[in-house]
Amino acid sequence: MTDKTQNAMWGGRFAAGPDAIMEAINASIGFDRRLFAQDIEGSRAHAAMLAATGIISDKDAEAIREGLLTVLSEIETGKFAFSTALEDIHMNVEARLKELIGEPAGRLHTARSRNDQVATDFRLWVRERCDEAVGQLSALCMALVGQAEAGAEWVMPGFTHLQTAQPVTWGHHMLAYVEMFARDIGRFRDARARMNECPLGAAALAGTSFPIDRHMTADALGFDRPMANSLDAVSDRDFALEFLAAASITAMHLSRFAEELVIWSSAQFRFVALSDRFSTGSSIMPQKKNPDAAELIRAKIGRIFGANVALMTVMKGLPLAYSKDMQEDKEQVFDAADNLTLALAAMEGMVRDMTANRDNLECAAASGFSTATDLADWLVRALGLPFREAHHVTGSLVGLAEKKGCDLPDLGLADMQAAHPDITDEVYSVLGVHNSVASRQSYGGTAPDQVRARIAEWKERLG
């Protein structure tokens, strides 16, 4: 096929074929071939609508339908020859369709443009990625609920500033991430609901004079309705930006948890042991077991954040309606989606496989004067001290324990009474870490009863 023949796909406006550099910068088939299934699905819906409205004959519509199914099979089985000269997935499919069925292929593009075609294809693809993200996040949440259920009453240190703060339960900590990832599910669902409008039929930018039925194509493609403004339909990429925003927040949550897994699996903490399936060794240090999967998840956020910023930058200065800049909308979204999918799968695997070290968690929970707040609260409840005074008394006892090289429960009653004479031996009932977590019965607190109740709710919600 000559350059001039190839160029005829865009019409008779150009007498000469494209320069090699122009062809290279203009072509998108290297990445938008990923949209082949969506492109063919949209074309089949469009052809059926053209026949139903009498714009093309049923005979031509049937030839187009059968030809498109053949093209789909060829692509899926690796027999299709993609051409850079044909620029994009739309022209590659249409050119092959013409080879297969002849003249009827030329009628397929009636009442549409590549502008509304690509907007439809891309929207269908991103919609599928939203559904996949929801499924993966739900599976990850179930894995975390499983960990929470196994350790609903196991105590561990809760941290602020990465310093020991108060004892919490392992189950409570796991459920904190369930809450985060569940909000991520909500964001993907919200984005999907907003993007579920169909651009097809907007044509180049102004709609079409043909008597098309846009509601028919929207229904056939699973959209709630057609997009209501043709200019917006071909120039909107909000749906991709919303997907990237939701993906970025999800990646941030994954990165936070990955950071904790890196810390927890270290020799200094030994809170968890990651399975061999998600760890690697060192080339020179035989004792090493590196949490590489967690570290790579932590790094993936850069690519996903970067994709969000890149697409924002592409779109920020574009006048209505379509500009070729928008060809740069896909690669970063494809990359972000791929990396999010991989990161979610790896995190779910790590969570399902990891083993928490209950003894080490409890030992760490009891260190660092973690029950100091329980002591202050007891002084308020039992002695009626104002909290600020109770805070001061407790602080002096922490200082004494630190000087003696012991923890608060190891101080004698005489030491306690030196700080405040009304303290009784009842104070020791609140100083153990198990007593501490059991007392946190407020809604959303770390008490095992609260954790188990929340686990039951999540198991019902996640089904």
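The values are calculated or read from the model by the stated rules, or taken from the named source; none is laboratory data. Since we're looking at a predicted model, the values are computed, not measured. Backbone-built Cβ (ideal geometry, glycine too); neighbour counts: all protein chains shown. For accessibility, only protein heavy atoms count, side chains too; no ligands or nucleic acids. Shrake-Rupley method; radii C 1.70, N 1.55, O 1.52, S 1.80 Å.
Some notes on this structure:
- Rounded to the nearest 20 debye, the dipole magnitude of the chain is 360 debye, with +1 charges on Lys and Arg beta carbons, -1 on Asp and Glu beta carbons, and the Cα centre as origin.
- Lys-Lys pairs in the chain that are eight or more residues apart or on separate chains and whose Cα atoms lie under 20 Å of each other come to 6.
- About the Cα centre, charge dipole magnitude for the stretch 20-110 (Lys/Arg +1, Asp/Glu -1 at Cβ), debye: 80
- For the stretch 391-463 versus the stretch 22-94, the inter-centroid distance based on Cα atoms is 67 Å.
- Acute angle (nearest 10 degrees) that the helix 448-462 long axis makes with the longest principal axis of the chain, alpha-carbon atoms: 10
- Note, ³J(HN,Hα) from phi for the stretch 343-350, Karplus 6.51, -1.76, 1.60, rounded to Hz, x at Gly and Pro: 5, 5, 5, 5, 5, 4, x, 4
- Fully extended contour minus Cα-Cα distance, from residue 103 to residue 392, at 0.36 nm per residue: 95.1 nm
- Seen from all directions on average, the stretch 368-431 presents a Cα convex hull projection of 3.6 nm².
- Amide H contacts of residue 203 (H built 1.01 Å from N, under 5 Å, at least 5 apart or other chain): 113, 116
- Accessible solvent surface per residue of the chain, calculated while the other protein chains remain in place, 1.4 angstrom probe, Å²: 46
- Rounded to whole Hz, the Karplus (6.51, -1.76, 1.60) HN-Hα couplings of the stretch 310-324, x for glycine and proline: 4, 6, 4, 5, 4, 7, 5, x, 8, x, 6, 10, 8, 10, 5
- The alpha-carbon atoms of the stretch 259-396, seen along their principal axes, cover 73, 48, 26 angstrom, with the largest extent given first.
- Of the residues 234, 221, 357, the one whose Cα sits farthest towards the positive end of the charge dipole of the stretch 115-363 is 357 (charges of +1 on Lys and Arg Cβ, -1 on Asp and Glu Cβ, taken about the Cα centre).
- Per the Debye calculation on the stretch 115-363 with a single equal scatterer at every Cα and no solvent contribution, log₁₀ I(q)/I(0) for q = 0.09 Å⁻¹ amounts to -0.50.
- For the stretch 113-119, 3J(HN,Hα) computed residue by residue from phi via the Karplus equation (6.51, -1.76, 1.60; θ = phi - 60°) reads 10, 5, 5, 6, 5, 5, 4 Hz, glycine and proline entered as x.
- Placed amide H near residue 155: partners under 5 Å, 5+ positions off or other chain: 170
- Share of carbon and sulfur in the accessible heavy-atom surface of the stretch 20-110 [1.4 Å probe, %]: 52
- Antiparallel content of DSSP bridges confined to the stretch 121-245, in %, to 5: 75
- Debye-sum result for the chain in log10 I(q)/I(0), which assumes one identical scatterer on each alpha carbon, at q = 0.10, 0.11, 0.14 Å⁻¹: -0.84, -0.93, -1.23
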